[in-house]
1. How much area per residue is accessible in the stretch A:191-313 when the probe is 1.4 Å and only protein heavy atoms are counted (Å²)?
2. Using alpha carbons only, how many angstrom separate the centre of the stretch A:366-392 from the centre of the stretch B:286-364?
3. Show me the GluC sites (Glu not before Pro) within the stretch B:225-322 that DSSP assigns to loop and that have at most 16 other Cβ atoms within 10 Å of their Cβ.
4. List the residues of the stretch B:220-246 for which accessible area in the full set of protein chains is at least 50 Å² lower than for the chain on its own; 1.4 Å probe, protein heavy atoms only.
5. Quick one: which bits of the stretch A:47-73 get at least 40 Å² less accessible when the partner protein chains are in, versus the chain alone, with a 1.4 Å probe?
6. Summing +1 for each Lys or Arg and -1 for each Asp or Glu, what net charge is found among the other residues whose Cβ lies under 12 Å from the Cβ of A:Ile309?
7. Determine which residues of the stretch A:430-447 fall in the zone a paramagnetic label at A:Lys388 would reach in this model, i.e. backbone nitrogen under 19 Å from the point 7 Å along Cα→Cβ.
8. Which FRET efficiency value, to the nearest 0.05, is calculated for A:Arg165 and A:Val359 with the Förster distance at 35 angstrom and r the Cβ-Cβ distance?
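The values are calculated or read from the model by the stated rules, or taken from the named source; none is laboratory data. All of these numbers come straight from a predicted model, not from anything done at the bench. Positions of Cβ are generated from backbone atoms using ideal geometry, with glycine treated the same way; all protein chains shown enter the neighbour counts. Only protein heavy atoms, including side chains, enter the accessible area calculation; ligands, DNA and RNA are left aside. Shrake-Rupley method; radii C 1.70, N 1.55, O 1.52, S 1.80 Å.
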Amino acid sequence: MRAAGIGDYYSLENIATPKGLDPQVGGLDFMPNGRLVACFHRGEVYTYDPGKGEWRLFADGLQEPLGIVAINDREVVVMQRSELTRITDTDGDGEADQYKTVCDDFGMTGNYHEFAFGPARDARGNLFVGLNLASSGASIRPELRGEFRHYGLSREGFKASSYGRASGRMYGATPYRGWVLKITPEGEMTPFAPGFRSPNGLGFDLDGRLFVTDNQGDWLGTSKLFHVQPGKFYGHPASLAWTNKWKKGRNPLKVASTEFDAKRTRATVLFPHGLMANSPTQPIPDSSGGKFGPFAAQLFVGEMNRARIVRVMLDKVAGEWQGACVPFYDGAGLGKGNHRFVFGKDGSLWVGQTHLAWVGGQGVQRIKWNGETPMEVESMHLTESGFKLTFTKPLAEGAGHHDHFQFTRYYYGYRQGYGSPQLGTDAVQVGGLKLLKGGRTLMIYLDKLTPGYIYQLDMKNIAATDGSPLVNALVCYTLNRLTNGDDKAPHLVEK
Amino acid sequence: MGVPVFKIRFVIGLFVQLGLFGLVIAPALGQEPKDDRVEVDIAARAGLRYDVVRFAAKPGQAIRLKLINGDDMAHNLVFTKPGQRQAVATAALVLGVDGEAKNWVPDHDAVLWSTPVLPPGEQHVLQFTAPVEPGIYPYVCTYPGHGFLMYGAMYVGVSMPELATDQHVPELARQGKAAQKQFHAWGHKRPLMYRIFMPDASPAAIAVGLKHGQNYCWDAGQCRLRYVWYGGFVDPSPVWRSNGNGLAGVLGTKYWESEMPGTIRVGGADSEPEFLGYKKVDGQPEFHFRVNDTDVYELITPLHSIIGIQRSFRIPNNTQPVSLPVGPTSRVTFEHSAGKLENGLLTLSAEEARAFTVFIGLIK
């Protein structure tokens, strides 16, 4: 069986960027007129005519813009470090002249790690942004914006060389760091949900659900994708200082993690560190309606640390979303630092890359499907006794052996420490397989299903009836709850 | 682009230093020259400076000097007798209406040779013979206001000190930090603005480089002007080359800094200012903010004949008295179109405050 590669099914084009530009991409979108619009590391916004291959400067002077939404052919909304800004070309000369502050109702300490992500726009035009926590890799600056409040340190304390011992690994010292905010088109801001560490990726799926990624580190054993709903808490406690219920001065670093575990909402999908993704970015639904291959409406998620885009297969179980992740695009010319995405009208996926001095890349690439269906896992659903796996094409004869489907389960600890090793690792025996009529769907029966584990599936020697081999053979399913709703997983917490 | 236009043929005894980069070009020694002539190109650059701030010649040596105006405003170049640079530049200031016709070259005994005033993009060749008398002969732009910053020196039969200690070149050249690198696809342009981490400002600072090498830092976190400088713009690389853990460097010399906290005050009550953005006017931002429910606009533009800025405020339909902290005014030229200045606070009536201007100039 020959090695399969995603490059057999998709073609990749490198888009030349203007000479002299630092082409680290902070955001990508399309204007209704078909021009791509992109914001870059040094504060520029360019538009691009895909037909002519021409870039044109639209705006400049922005502060580390990390997200852009095109409102119309003359207007974009950009999230920069300091604010959400509506940028308009009022005189129609192709270059913006008006920069209106939509929202700057949040604090800044000047700490480098206080990146600001988004916006993601819902169907009503509300804009959602994510605010990073500060990093103990640096202190706060002498002048701040917004109220100072920290649970362990005074402003004077932040001047001491030992500040990092009391600040927390990632910390918040001004309002709404570690939050997702909701901002109406008129600029009214509502704090939406706390608990984030580095939410570098906000996106709505085609059904209007908000998904946000967060990055492995303190309180995150591995990187995560969350289905975000108002008022819920997503696990990193530094942001709780800005909730009404939090007692002023109470130090989350000294609170038992069991208390936070009881409050938190678990990730919809976990990305095993080192295996699936180390630094996930924007989630984007496949809105191509089939023009980009057999994954219509599924979510793709970028990954910074390797030449990869991940695909997510959601599964509604007992009323809540959980699901699986699988590599989608690996290598085959793709760069690292896959940061921002947008689908073109023709169903091609545009990719913008960045690094910001971490592992990553730079530039713009465009991925097109060549019309041949790759052999892939199309969906994965939990059943009472295992998983239902549907492939994009019928399975070839002989694929139904147990040893073609190896399951391992493990979990990542929920704790103050940085990341977590895989814990509780255990092989899970496949008790039986049953190929359903049509040959595309396989029922897999497992010996035991326990909430709170990742079920990692490694497939070997799988091919379709047309002889094409399975392209991506690694799938990781986040089993938060069983079909009966049981989600008890006390083992997750390091007390 | 971005590299000073510079070309020179070496002759014995000729020794040129580029002030911008501290680059030293030493001539080959021990040979008799065939063509014993100094050829030097000097370009005028944004920020009121020549790119070559000194060169050497032997007494009586032939000189061919090409002045290239690479700036966006008019400049000339005038040689004076030793020690007479400031006297000649000051004499040019009083030429008044006669200035244009005289190319801003005063009738002064100390003037030796001069070029015409060159519009942007023009060039002119000046040929003369170096004085027989050894000495340090200054050259200076006598266009009004420029001479205090824009000068250099010809060393005739006198050895040069280290650049960093040379009192005959401008301070910026001694510091070697006037150079603006290229960071964008468009090369160099002014006006230019960056929202970037700046020293002595909040994390929501804005740096603006205006024409004529004039720059300021305006703080969107506090809705006020923080400081003003001339020279290059900023070095953003400490912020941009990493994940942001740095401050942009000010390229040039600060000559005014707001030492008073607080922004413009409208009416009696204290009120947190609310930043609302800006509109570009000829590429320059006109800031919009709200104080005490009142919309305030501030546009900062460069002055032309001296190093300085004009702050133009608009408070449409204002009905309340206004006060503007203007900070220290004793070390700069400070003027205001309306209101009363007392202890660093400019107070204006409701009507005066609807539109008023404040000037801050370098030269006292």
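1. Details: 3690 Å² over 123 residues.
It amounts to 30 Å² per residue over the stretch A:191-313.
2. One Cα centre to the other: 65 Å.
3. Those that pass, being in a loop and sparsely packed, are B:Glu259.
4. B:Trp240, B:Asn243, B:Asn245
5. Going by heavy-atom accessible area, the residues of the stretch A:47-73 that drop by at least 40 Å² are A:Asp60, A:Gly61, A:Gln63.
6. Numbers: positive: A:Arg306, A:Arg308, A:Arg311, A:Lys336, A:Arg340; negative: A:Asp286, A:Glu303, A:Asp330.
Counting the neighbours of A:Ile309, the net charge comes to +2.
7. A:431-447
8. Details: r = 27 Å, r/R0 = 0.78.
It comes to 0.80.
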